[in-house]
1. If one computes P(r) from the Cα atoms of the chain, what percent of pairs lie at distances over 36 Å?
2. Using Cα-Cα distances under 8 Å and only pairs 6 or more residues apart, what relative contact order does the chain have, in percent?
3. Straight distance only, please: which lysines reach the Cα of K341 with their own Cα at less than 24 Å, same-chain residues fewer than 8 apart left out?
4. Expressed as a whole number of Å, what is the distance separating the alpha-carbon centroids of the range 63-109 and the range 294-358?
5. Using a 10 Å cut-off on Cβ atoms, rank the peptides 173-183, 138-148 from the highest mean neighbour count down.
6. At 1.4 Å probe size, with the rest of the protein present, what percent of the exposed accessible area of the chain is carbon and sulfur atoms?
7. Would you mind computing Rg(Cα) / (2.2 N^0.38 Å) for the range 219-352, counting N as its residues?
8. Per DSSP H run of at least 4 residues, take -39500 (n - 2.57); add these up for the chain, divide by its residues and hand me the 222 nm value, nearest 500 deg cm²/dmol.
Amino acid sequence: MRKLSLAVLMVLVVFTCTPLTLAMELGGEVDVIWTGTLQDDGKFDGSLRESLNLELFLPPLGSSEVRYEFLLTQPVQSLLAEHEASYFTKKLYVKHRFEHFHVTLGRQPISWSFGSLLNPVDYTLGAVALDEESPSKYTDALEVYVPTSWNSGVDFVFSFPRGFDTDRDSLKWGARGRWGVNGYDLTINYVEEAASSGGVGDGTLAMGSAGGLLSGLFPRQRLGATVKGDIGNLGVYGALGRYFDSGLARQSNMSYLLGADYSYNPDYFTKITMQLEYLGIDLYSLAPSIRTQLLKMDPNDNRLDLLTGSLSYPLDDFASVHLVTMVNLDDGSLLLSPSYKNTLSGNVDLVLAGSVLRGKADTLFGPSDLMPQAMVSVELSYAF
């Protein structure tokens, strides 16, 4: 892995220091972040991590294009200290635009987001949450998109969360239809998890990313619908999901999402953005031990109710503050996550962020061995 880190750094130096006239281009981001966590017992731990995200931009070949992007974590520390670098391919696909449909094959981002803070009906649950991506968003897949008009179309996705495999049990697939109706954006989707991904039906949980774990907590099949539009100056949206399994003799789970966003201009140069949403999820199919130990729920409660809010305020053209709040309406515990972002000279972004968790013992955001009491981070990033 150290040889790979050195090779990538040498390639970066060549591309940035040599006047190349090739049609291809190289872009990406260098990121350094220090994170500190305060545990419930008063112990404070800190860690430093650097990463290099590189994307190769190749010229299109007629109606086809090739994309390649990867993330290399701790490349410098792997060379100078006893740390191991990790490599993750985010994009490595070929896309071809036929006359009536588009086909994309390879590692690619798959997410059916629609502007919500949490998405209970995404292709992979937890792929994007609170505007943050998880690795489960990027998957080996074959996607076929059929446009029916400028704002409508149908997606078909056949993916392999554990890598391309001819085993039918490793295949995950889904379909989504999207339509624009009277100024509203409507979607309906269906997803069936891979039989080997570890659904509730076979008594195991999916391993790996948080998104895969969330998918593994629910039955293998789910049906979802979303709507988004405007009522006056208020943006409104909602989602309805049903999680079920043909081999599961229990009541199916339902999810309900209702949200709104609003932008306010106190003056010509300032724009305040607010967002608030409610998410309710039935958890009938989860084992009682998961509800009580992992989610800290009351043994007689089969429903999780979350209220999430977001507020963004620009201080000037370069700096802004942001606050995200999540409250568990069942037990009163909450998560507060403020952040400050400033673009420094040289196109360097500085982000100061923190998270504070509050709640009584045996609540979702209360003190536990798995949940830190508070977190703080300092991040510097440079895009090129």
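The values are calculated or read from the model by the stated rules, or taken from the named source; none is laboratory data. Computed from a predicted model, the values in this text were never measured in an experiment. Neighbour counts are summed over all protein chains in view; Cβ atoms, including those assigned to glycine, are modelled from backbone coordinates with ideal geometry. In case anyone asks, the SASA skips ligands and DNA or RNA and just uses the protein heavy atoms, side chains included. Shrake-Rupley method; radii C 1.70, N 1.55, O 1.52, S 1.80 Å.
1. On the way: 22725 of 73536 pairs.
For the chain, the fraction of Cα-Cα distances above 36 Å is 31 percent.
2. The normalised contact order for the chain reaches 11 percent.
3. K271
4. About 29 Å separates the Cα centre of the range 294-358 from the one of the range 63-109.
5. Numbers: 173-183: 14.6, 138-148: 18.2.
Top to bottom by mean Cβ count within 10 Å: 138-148, 173-183.
6. C and S atoms contribute 61 percent here.
7. Cα Rg divided by the expected 2.2 N^0.38 Å: 1.37.
8. Rounded to the nearest 500, the figure is -2500 deg cm²/dmol.
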